[in-house]
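Report on the structure given below.
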Amino acid sequence: MSRWTLMLSEFDLKYVPLKLIKGRAVADFLADNSIEETEFVDTWSFPDKDVVHVENDVCDLYFDGASNYMGYRVGILLISPTGEHVPMSIKLDFNVTNNAAEYEACLPGLHSALDLVVEKLFVHGDSSLAINQVGGSWKIKSQSLALYQTRIEELEKYFEDIRYVHLPREENQFADALSKLAAMINIPDHIDSMPICVERRSSPAYVNAIDDAEEGETEPWYKAILKFKET
């Protein structure tokens with residue numbers, strides 16, 4: 001390329017990309033064949049606004065399963081289009097392989113999405129094998145995993161659109177944390193589930209307990225700060 005550049009430098013040549021030539025040809029064609037009859041165009045209206053404005057009605061499902069010395073557990077996170085998070089942590093009381101644990105996480109997630117009447121779902125997982133198998137890119141050779149795949153295909157019929165997305169493990173931390181939580185806690189035999197709640201707070205817990213000092217008492221140290229916050 002450098003040799004050609006030196007050889008052509010003595011000529012008055014200018015490189016023009018092919019797409020620019022095509023664009024100029026289309027513009028010249030439209031200019032030469034313009035419609036003489038013109039109609040009033042309302043510049044404030046946009047006839048295709050319904051096509052362009054598409055609401056985000058897609059739910060995201062994140063799943064992760066693991067089988068190791070800590071036990072057999074799965075973590076599931078379902079995020080609605082409006083941002084609500086539905087976390088699930090499941091502890092398995094039977095033996096499964098790592099690959100089967102991924103399917104044990106994916107299937108309950110699909111069931112939960114159907115319970116919430118989800119029509120469009122993006123399924124995210126950090127297992128390349130599971131994502132490519134459930135997505136149909138790879139064939140399943142294991143007979144036990146084929147049973148999972150059959151059930152998944154049955155559930156897929158109830159979705160208007162479902163897609164499988166492979167994620168790096170560091171981007172699937174929430175589902176991974178939920179799966180670890182299932183292995184760390186002991187669920188009593190007489191119950192099947194335990195509630196979980198994760199909140200975000202922007203101030204210390206003692207702030208909510210601050211009240212005005214009673215009459216006759218010395219004003220507390222935080223009186224000026226409290227007044228500033230209130231006003």
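Quick note: the coordinates plus some simple rules give every number you see, no bench work behind them. Small disclaimer: the values here were computed from a predicted structure and weren't measured. Positions of Cβ are generated from backbone atoms using ideal geometry, with glycine treated the same way; all protein chains shown enter the neighbour counts.
Quick notes on this one:
- One decimal place: the segment Asp57-Val117 gains 20.5 nm when fully extended, by the rule 0.36 nm per residue minus the C-alpha distance.
- Overall form of the range 60-146 per C-alpha gyration tensor (a/c, 1.5; a/b vs b/c): oblate
- FRET E, pair Thr82, Glu160, Förster distance 22 Å, beta-carbon r, rounded to 0.05: 0.75
- Mean-position separation - Cα centroids, the range 152-181 and the range 71-150, in angstrom: 5 Å
- Cross-link reach list, lysines versus Lys14, counting only Cα pairs under 27 Å and skipping chain neighbours closer than eight places: Lys22
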